[in-house]
Amino acid sequence: MFITFDGVSYAYDDPYTPVFSDVNLTFDASHRCALVGANGRGKSTLLKLLSGQLQPSSGSIVRHGSANLLPQIIDDVYRTMIEVQLDVAGPYRDLEKLMELCLSRGADFDIERWADVHERYQLLHGYSIRQILRERSEKLGLTVDMEDRPFCSLSGGEQQRALLAAVDAAPATWALLDEPTTHLDAQSKEAVLTYLERTKTVGHEDRT
């Protein structure tokens with residue numbers, strides 16, 4: 001997997017703020033990469049461009065494989081931990097709901113649609129994703145009984161570790177980590193660093 005920038009420029013509007021100009025580079029997922037720099041230098045913007053959350057003002061970005069950016073904000077914190085993890089990992093719950101809807105209707109068109117959705121679900125390892133998330137969560141010090149707890153009931157460090165377990169759980173996904181050790185105490189940071197040694201990522205750290 002790799003991501004290539006070809007002549008990429010990016011600027012924020014209102015007020016106009018140029019961030020990058022004519023950038024050419026390639027990130028290779030076979031390596032671990034780190035972006036190190038002071039606040040306000042465009043590290044988070046670069047990660048959003050890599051993930052596709054932002055589109056370049058000019059130039060092109062080619063992705064071979066998918067890139068998933070560690071979320072900084074969770075919209076519905078009353079979902080359970082496992083529901084949040086599934087939604088971060090990929091469109092698993094949406095695909096499951098769509099398959100259920102197609103089967104409940106039962107028309108020929110719906111059965112054909114179910115087959116297409118089911119094929120995508122299988123390609124994303126949908127039938128094993130919950131076990132994958134459980135194993136990753138346990139490696140990060142989270143217990144099985146946390147899965148059904150509201151996400152908002154977890155501590156900041158537990159939430160961060162749950163998200164880290166999910167961000168690259170889907171196949172052929174490259175994790176992009178924006179400040180991954182936020183909210184973590186020293187012991188949790190050590191667990192995360194050990195975990196990340198086996199994970200291909202692009203991450204960044206602020207240096208002031």
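Here are the numbers for this structure:
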quantity	calculated
Leading residue by the ranking (nearest to the chain's Cα centre (by Cα)) among those in the range 38-70 that are loosely packed, with under 15 Cβ neighbours inside 10 Å and assigned to a strand (DSSP E or B)	64
Search result, residues across the range 12-42 that are more than 14 Å from residue 178 (Cα to Cα) and either in contact with a helix residue (DSSP H, G or I) (Cβ under 6 Å, 6 or more places away or on another chain) or outside the structural domain of residue 58 (by TED's automatic domain parsing) (or both)	19
Breaking point among (1) in a loop (DSSP other than H, G, I, E, B); (2) crowded, with 17+ Cβ neighbours inside 10 Å, for residue 85	(1)
Number of the exception - residue 109 against (1) in a helix (DSSP H, G or I); (2) aromatic (Phe, Trp, Tyr); (3) surrounded by 17 or more Cβ atoms within 10 Å (Cβ to Cβ)	(3)
Single residue of the range 18-34 satisfying the filter (surrounded by fewer than 13 Cβ atoms within 10 Å (Cβ to Cβ) and closer than 13 Å to residue 60 by Cβ) that is farthest from the chain's Cα centre (by Cα)	22
Residue in the range 158-165 that is touching a residue at least 60 places away in the same chain (Cβ under 8 Å) and either in a loop (DSSP other than H, G, I, E, B) or of a type in the set (Gly, Ala, Ser) (or both) present	yes
Of all residues in the range 168-208 being farther than 16 Å from residue 88 by Cα, at pLDDT 70 or above and in contact with a strand residue (DSSP E or B) (Cβ under 9 Å, 6 or more places away or on another chain), the one that is surrounded by the fewest Cβ atoms within 10 Å (Cβ to Cβ)	179
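The values are calculated or read from the model by the stated rules, or taken from the named source; none is laboratory data. Just so we're clear, the structure is a prediction, and the values are computed from it rather than from any experiment. As a convention, Cβ positions derive from the backbone with ideal geometry for all residues, glycine included, and neighbour counts pool all protein chains shown.
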